[in-house]
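Colleague: Take a look at the following structure, please.
Just so it is clear, none of the values below were taken in a lab; they were calculated from the coordinates. In this text, all values refer to a predicted model and were calculated from it rather than measured experimentally. FYI the Cβ positions are ideal-geometry reconstructions off the backbone, even for glycines, and counts take in every protein chain you see.
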Amino acid sequence: MTVTVVPLYGTKTDLTISPENLASSATFVAGVESNQIDNTTTRYDDALLDGFVTVGTTPTINTKILVFVWGANVSLATQALDVLDGTGSAETITSAGVMYGILRQAVVLTVDSTTSDRRYGFSNISVKRALGLEVLPPFWGVFVAHNTGVNTNVTAGNHKISYVGVKREIVTA
């Protein structure tokens, strides 16, 4: 009898997050958070992020769009992480020092052109690895900020962040 552990992928799920018309933040403390993801029922070992953010009109070259993740052992409905309350909304974190204490950088997108409305995408970003954990925490979410010098594209459909949950399945043959 052979025992093998194989990945079991969940359904792709769009996060509730609205990075459209998001103002630039030199220190990345102003951005937008997603709704928190409750992992207490699905109990995924990991989640793979993918998505894209579209810059606005004539962004500054050599700037960044940062996608952060956060994890919590309690629902943000009962205990916020600074200003992050688990509800998809624009937020300004108290300071860069506070931000780097509660968020982990998952994606760095380098804006390499002044071209307006260019889409910058990413895929297969492991949330648990970004958090430095063995498995996903009970609750987690995403925070997006940028320093492009202009607001992001104003159309909601020009931005999207999704995830696919991953579990381990034991197969015997």
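Colleague: Using r as the Cβ-Cβ distance of residue 134 and residue 171, and R0 as 25 Å, what FRET efficiency do you calculate, to the nearest 0.05?
Modeller: Approximately 0.70, to the nearest 0.05.
Colleague: Using +1 at the C-beta of Lys and Arg and -1 at the C-beta of Asp and Glu, which of 106, 172, 51 has the Cα lying farthest in the positive direction of the dipole of the chain?
Modeller: The Cα lying farthest towards the positive end belongs to 172.
Colleague: Quick one: divide the alpha-carbon radius of gyration of region 19-99 by 2.2 N^0.38 Å and tell me what you get.
Modeller: After normalising by residue count via 2.2 N^0.38 Å, the value is 1.23.
Colleague: So if I average 1/r over every pair of distinct C-alpha atoms in the chain and take the inverse, what Kirkwood radius in Å does that give?
Modeller: 16.6 Å
Colleague: Moving on to the next point. Along the charge dipole of the chain, Cβ charges K/R +1 and D/E -1, which of 26, 132, 88 sits furthest on the positive end?
Modeller: With unit charges placed on the Cβ atoms, the residue in question is 132.
Colleague: Got a sec to turn the phi values of region 50-55 into Karplus ³J(HN,Hα) couplings, 6.51 cos²θ - 1.76 cosθ + 1.60 with θ = phi - 60°, whole Hz, x for Gly and Pro?
Modeller: Coupling constants for region 50-55: 8, x, 7, 10, 10, 6 Hz.
Colleague: Here is a follow-up. Quick one: net charge of residue 113's neighbours, Cβ under 15 Å, K/R +1, D/E -1?
Modeller: With Lys, Arg at +1 and Asp, Glu at -1, the net is +1.
Colleague: About the Cα centre of the chain, what is the dipole size in debye to 20, counting +1 per Lys and Arg Cβ and -1 per Asp and Glu Cβ, all else neutral?
Modeller: 320 debye
Colleague: Shifting gears a bit: Using label points projected 7 Å from each Cα along Cα→Cβ, tell me how many nm separate residue 154 and residue 13, to one decimal.
Modeller: It is 3.3 nm.
Colleague: Taking 0.36 nm per intervening residue step and subtracting the Cα-Cα distance, what contour gain separates residue 38 from residue 116 on full extension?
Modeller: Extending this stretch completely gives an extra 24.5 nm.
Colleague: With θ set to phi - 60° and the Karplus curve 6.51 cos²θ - 1.76 cosθ + 1.60, what are the ³J(HN,Hα) couplings of region 99-107 in order, to the nearest whole Hz, using x for Gly and Pro?
Modeller: In residue order, the calculated couplings are 4, 6, x, 10, 10, 10, 5, 9, 9 Hz.
Colleague: For region 139-173 and region 29-45, what is the separation of their C-alpha centers, rounded to whole Å?
Modeller: 10 Å
Colleague: Something else: Collect residues whose amide H, placed 1.01 Å from N in the peptide plane, falls under 5 Å from the amide H of residue 146; neighbours closer than 5 in sequence don't count.
Modeller: 25, 66
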